[in-house]
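Here the structure comes first, spelled out in structure tokens, and everything after it is commentary.
The values are calculated or read from the model by the stated rules, or taken from the named source; none is laboratory data. On a predicted model such as this, the values are computed, not experimentally measured, just so you know. Methodologically, a virtual Cβ is constructed for each residue, glycine included, from the backbone with ideal geometry; neighbour enumeration extends over all protein chains shown. Surface accessibility is based on the protein's heavy atoms, side chains included, excluding ligands, DNA and RNA. Shrake-Rupley method; radii C 1.70, N 1.55, O 1.52, S 1.80 Å.
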Amino acid sequence: MDLNTLWFVLIAVLFIGYFVLDGFDLGVGILLPFLGKNDTERRMIINAIGPHWDGNEVWLITAGGAMFAAFPLWYATLFSGFYLALFLLLLGLIIRGVGLEFRSKDENPLWRRFWDWAICVGSFIPAFLWGVALANFVRGVPINALKYFVGGFADLLNLYALLGGLVSLFGFTLHGAVFLTLKTGDPILTRARKMAQKVWWPTTALTVAFAVATYVFTDIYQRLGVNPGPVPIGAILSLLVAGWFIYQKQDGWGFAMTTLTIILAVSTIFITLYPRVLVSSLDPNFSLTIYNSASGITTLRIMTMVALLLVPFVLVYQGWSYWVFRRRITGRQEELHY
């Protein structure tokens, strides 16, 4: 494995980690106004993700930084071509973060209700736009021979990308609902189980439809860099198994299966893209790859040494934080901070 491939894999791992961890944060935020019937219940829901949401976003920041350093042309083309979409995505994340920090600053019910809906909207926007972005990675965007994006925002809003957005939106909502079954007590626990059962059906239907649409509307299967083998099949099967566990009220296994679904689904996208990182819809030969968009070999070597030294400490720290805050939120006053 050369360093270009290594950093492609590492960036894929960072995005997978982000989607798994912040995925349930986004799902919880979307469900907040619907599962919490009063201020105490909504504080229970927010406290389920309160110790973790900002740490989970570090995975996204790290992925963006790694992309900038390892593949600057990919970063430049992506952030210029997807500028408005990424602006809206970041705006949603900012609104969510402000809502989580500000809602407890005033006990006025109108104040808290406003920020509860801000958290919901701020979670909805990135949950949808992440699917749109990944779908456009696969389908392709207008990139010319000079590796410049020559399209507009409307080029990103095609039917295939919108379907991808619905898949990520419902998938993260399902992931968040199952997470709440692990972290909260009644009445939130019972409502979260019922919500997970309701959301599982459209999530499964949309995922299957997206897999079929990928075969029809993209060249991903005709230009395989690496054959994904059973990985995409495993993603669908794990989602089906997740539904069985959800209906059996096996919450831990249900969450494990939704986590596995996200891991396998995002892995499928990166595996089938390789060695491309951004497909050109104008001409496949104009696509960005891990070789024509990469930094120099010295930069990649230095990055590799730094990553080997620092990443283990970050993983240990985040694992420790989840262990410390592993208890269920039951609604006792001393547990409620937001």
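The Cα-based radius of gyration of the chain, divided by its Kirkwood radius, gives an Rg/Rh of 0.97. Principal-axis analysis of the Cα atoms of the chain puts helix 39-49 at an angle of about 40° to the longest axis.
Carbon and sulfur atoms: what percent of the 1.4 Å accessible area of segment 142-192 do they account for?
72
Note on segment 152-251: dipole from Cβ charges, positive end direction compared against Phe170, Tyr247, Ala205; the farthest Cα belongs to Tyr247.
Under a 10 Å cutoff between Cα atoms, tell me which one of Ser238, Ser287, Ser104 has the largest fluctuation in the Gaussian network model of the chain. Its mean-square fluctuation being the largest, the pick is Ser104.
At an R0 of 51 angstrom, the distance between the Cβ atoms of Lys194 and Ala69 translates into a FRET efficiency of 0.65. Would you mind checking the pairs Lys37/Lys105; Lys105/Lys198; Lys105/Lys194 and listing those with alpha carbons more than 28 angstrom apart? The pairs that break the limit, which is 28 Å between Cα atoms, are Lys105/Lys198; Lys105/Lys194.
As a calculated quantity, the FRET efficiency between Asp2 and Arg328 at R0 = 51 Å, using C-beta atoms, amounts to about 0.65.
Of the residues Trp117, Trp74, Trp201, the one that moves most in a GNM of the chain with alpha-carbon contacts below 10 Å is Trp201. For the chain, a Gaussian network of Cα nodes joined below 10 Å ranks Gln197, Gln250, Gln222 by mean-square fluctuation, and the top entry is Gln222. Relative contact order of the chain, taken over Cα pairs closer than 8 Å and 6 or more residues apart, is 26 percent. Using R0 = 30 Å, the C-beta based FRET efficiency linking Ile94 and Val311 works out to 0.70.
Shape index of segment 1-91: Rg/Rh, with Rg the Cα radius of gyration and Rh the Kirkwood radius from the inverse mean 1/r over Cα pairs, equals 1.10.
Each Lys and Arg contributes +1 and each Asp and Glu -1, all at the Cβ; summed about the Cα centre of the chain, the dipole is approximately 560 debye.
In the calculated pair-distance distribution of segment 235-275, the portion above 11 angstrom amounts to 58 percent of the Cα-Cα pairs. Per residue, the solvent-accessible area of the chain (1.4 Å probe, heavy atoms of protein chains only, all protein chains present) comes to 46 Å².
Anisotropy class assigned to segment 131-254 is prolate, per the alpha carbon gyration tensor with a/c at or over the 1.5 cut-off and a/b larger than b/c.
Computed from Cα positions, the angle between helix 251-273 and the longest principal axis of the chain comes to roughly 20 degrees. Extents of segment 192-338, taken as max minus min of Cα coordinates on every principal axis and listed largest first, are 59, 42, 28 Å. Over the C-alpha atoms of segment 1-152, the Rg to Rh ratio, Rh being the Kirkwood estimate, stands at 1.05.
Net charge in the neighbourhood of Gly97 (other residues with Cβ under 9 Å of its Cβ; Lys, Arg +1, Asp, Glu -1) is -2. Farthest towards the positive end of the charge dipole of the chain, among the residues Tyr148, Trp59, Ile45, is the Cα of Ile45, using unit charges on the Cβ of Lys, Arg, Asp and Glu.
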